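Report on the structure given below.
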Amino acid sequence: MALSREEVEHIAVLARVGLSEADVEKFREQLSHIIEHFEVLRQVDTEGVPPMAHSVALENVTRPDEPSPSLSADQILANAPEKDEGFFKVHAVLE
Amino acid sequence: MIANEGLATVGIVYETVIGLEVHAQLLTASKMFCQCSTNYVNAPPNTHVCPVCLGMPGVLPVINQKAVEYTIMTALALNCSIPTSAKFDRKNYPYPDLMKGYQISQYDMPLGIGGWLTINVEGNEKRIGITRVHLEEDTAKLVHRLSPERIPYSLVDVNRSGVPLMEIVSDPDLRSPEEARQYLIKLRSILQYLGVSSGIMEEGSFRCDANISLRPQGSSEFWSKVEVKNMNSFRAVFRALTYEVERQEKAHREGERIVQETRGWVDEKGMTVSQRTKEYAHDYRYFPEPDLPPLTLSSAWVEEIKARLPELPDARCHRLISQYDLPLYDAALLTSSKAMADFFEACLMEKPQRAKVVSNWILGELSHLINVEGIEISQAPITPTHLVEMLDFIEEGTLNLTIAKEVLEEMFHTGKAAAQIIEERGLTQISDVQELEELVERILAAHSQAALDFKAGKNQAISFLIGRVMKETRGRANPTLVNRVLKEKLEKGV
């Protein structure tokens, strides 16, 4: 199954990456190729096999509701490109 | 859409169709997928954060068992069925309040489906369907600022990120803003009875978005709906929906199309405004969360949770009616708040036969004071013991009703005992017959015309005279005695 240019552009918007005209064609080919691998998987006969939501045979992995200390604000903000008043500072977001 | 939508329509009666989406923070001690404390409300920014809720690569979230149980408990209380298995999914969207670029939520296998709750509509019970109850995580909080150069920027506080958030979606069964308000009151009270959420809308622990559309009365089709956000109180929900009903009805009558969009309620302006931002596809690309194995909800586990369900508002309402012989109106109002129902029952430990009197005081004067302050009864300094003592003073004749209201108000604000207030303010009721007789004689002498009017058959003259006595004693005279003494004196012709 081949992807259209529009689909590639849509994926780029969702992923927040900017693509040049040449990029669009390059990724259209590469992504189409990846999807072809799933076409192969699709040929496997799964009749009678229940769908699974997870790849390992685990279930109900939970923890008790007990708090433990967090990191300091300094540690949390250590990698922040910009900070202000103890907050991460980002470009204006419209509500 | 449908054929006549967008055409001018005269004489059509419209029906309102509302569905509500409620998000309630769960009262767990730790976050949904990490052990950071949820007690962040007055904390400095970014002090309740770890690599998991910060969304660092390579971390492993682990499910908080209590959050799952609280959600199942809520689903059971809302008469939902609990599936045998559930899972978490990633909901992908880019926004600065979402640290990972996705929210861990539940898509097609939520913890509860297909339930209902009842509301009272003009004295009749109405069932409102619950589509689903699911569990997800809260986002970080954004604060919007303006630099001295008037350049806007935003600040991110990650403390709220990862707090367990339960989403409860109703069916589009609500037919008016008032029904929507009733639904929210009932849902909040159920969550409070369960002890799973504080349910305080103003603090953001209980949030509501609404979907609203109109359609011709009797139709079963759905017209384009509008999603309304930004409503921060029950009153705001009611006002915003009332505004939307009017706006949409006007648009339909004038032949305009209602655009399917999100609108924000602006409380100061009393209107909703379009929030159409840059058109980007809401393509959430849900897929099963690979970091979290699925949940198997065995019937043993569900039964064990069901056994822990406390008495819920409807059951308590019916019990109050049968146990204390209360009218439905009183019982429904009292049980709409767990704190109020608890206060009511605590007042009746010794004299349960006084139920109606206690109910009148709580739903009357006390509710008035609570509403003025905008708090829950449990947040006021007054205790059930205070109210009981005050009622004792009324019963033994020390206080009359007018003075008792003043005492109640002071008890409400200060938490002082009734006896202390009476002592401090010299409020004891005058029930001494001799004292009252002397007083009545003085009043009659000063108002001889009123006395003559009474004898001439004007019965209302006695109300005037009682009023003078009460004024003279600053309301402290026992009204029953005053009435008796006055009648005796008037009839004897003194």
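Read-outs throughout are calculated quantities, based only on the coordinates presented, and are distinct from any laboratory measurement. Computed from a predicted model, the values in this text were never measured in an experiment. Cβ coordinates were reconstructed from backbone atoms using ideal geometry, including for glycine residues, and neighbour counts include every protein chain displayed.
Per-residue ellipticity at 222 nm, computed for chain B from helices alone with -39500 (n - 2.57) per DSSP H run of at least four residues, works out to -11500 deg cm²/dmol. Each 5 Å bin from 0 upward holds the following percent of the Cα-Cα pairs of region B:228-271: 5, 23, 30, 21, 14, 6, 1. Ordering of B:88-98, B:145-155 by packing is B:88-98, B:145-155, highest average first (other Cβ atoms within 10 Å, averaged per residue).
Per residue, the convex hull spanned by the Cα atoms of region B:348-448 measures out at 133 cubic angstrom. Basic side chains Lys and Arg get +1 at the Cβ, acidic Asp and Glu get -1 at the Cβ, and with that the dipole of region B:161-218 about its Cα centre reaches some 100 debye. Could you work out how far helix B:479-492 tilts from the main Cα principal axis of chain B, as a 0 to 90 degree angle to the nearest 10? Value to nearest ten degrees: 30. If you average the C-alpha positions of region B:92-116 and of region A:63-91 separately, how far apart do those two centres end up, in angstrom? If you average the Cα positions of each part, the centres end up 23 Å apart. Looking at region B:54-133, the GluC sites (Glu not before Pro) that sit in a DSSP loop and have at most 13 other Cβ atoms within 10 Å of their own Cβ are B:Glu122. What the Cα atoms of region B:79-129 give is an Rg and a Dmax of 16.9, 48 Å. Holding the Cα-Cα limit at 18 Å, pick out from B:Lys66/B:Lys87; B:Lys100/B:Lys141; B:Lys458/B:Lys489; B:Lys306/B:Lys338 the pairs that are longer than that. Violating the 18 Å Cα-Cα cut-off are B:Lys306/B:Lys338.
Give the residue from B:Ala419, B:Gln429, B:Cys208 lying farthest towards the positive end of the charge dipole for the protein assembly as shown; charges sit on Cβ (+1 for Lys and Arg, -1 for Asp and Glu) and the dipole is referred to the Cα centre. Checking the options against the dipole of the protein assembly as shown, the answer is B:Gln429.
For region B:279-434, the Kirkwood hydrodynamic radius comes to 18.8 Å, computed from all pairs of different C-alpha atoms.
Of the three principal axes defined by the Cα atoms of region B:430-478, the extents in descending order read 30, 16, 15 Å.
For region B:14-301, state the average projected area of the convex hull of the C-alpha atoms over all orientations, rounded to one decimal in nm². Taking a quarter of the hull surface, the average projection is 17.4 nm².
Ranking B:Leu401, B:Ala445, B:Asn371 by how far each Cα lies toward the positive end of the dipole of region B:367-476 (charges on Cβ) leaves B:Ala445 at the top. Working from the Cα coordinates of region B:96-194, the gyration tensor eigenvalues give, after taking √(5λ), semi-axes of 35, 19, 11 Å in decreasing order. For region B:205-295, which chymotrypsin sites (Phe, Trp or Tyr not before Pro) are both in a DSSP coil and crowded by at most 15 other Cβ atoms within 10 Å? Those satisfying the criteria are B:Phe222, B:Tyr280, B:Tyr286.
With the convex hull of its Cα atoms as the shape, the protein assembly as shown has an orientation-averaged projected area of 40.5 nm².
This model, with +1 at the C-beta of Lys and Arg and -1 at the C-beta of Asp and Glu, gives chain A a dipole about its Cα centre of some 160 debye.
The ratio of the alpha-carbon radius of gyration of chain B to the globular-protein estimate 2.2 N^0.38 Å is 1.27. The fraction of all Cα pairs in chain A landing in successive 5 Å bins from 0 to the largest distance is 2, 9, 10, 9, 9, 10, 13, 15, 12, 9, 2, 0, given as whole percents.
Counting only residues at least eight positions apart within a chain, or on another chain, the lysines with an alpha carbon under 19 Å from that of B:Lys405 are B:Lys356, B:Lys416, B:Lys471.
Rounded to the nearest 20, the size of the Cβ-charge dipole of region B:391-457 about its Cα centre is 260 debye, with Lys and Arg at +1 and Asp and Glu at -1.
For the Cα trace of region B:131-278, dividing Rg by the Kirkwood Rh returns an Rg/Rh value of 1.00.
So what's Rg/Rh here for region B:100-154, counting alpha carbon atoms and using the Kirkwood radius for Rh?
1.31
The equivalent ellipsoid that matches the C-alpha gyration tensor of region B:14-110 spans semi-axes of 26, 18, 16 angstrom, in descending order.
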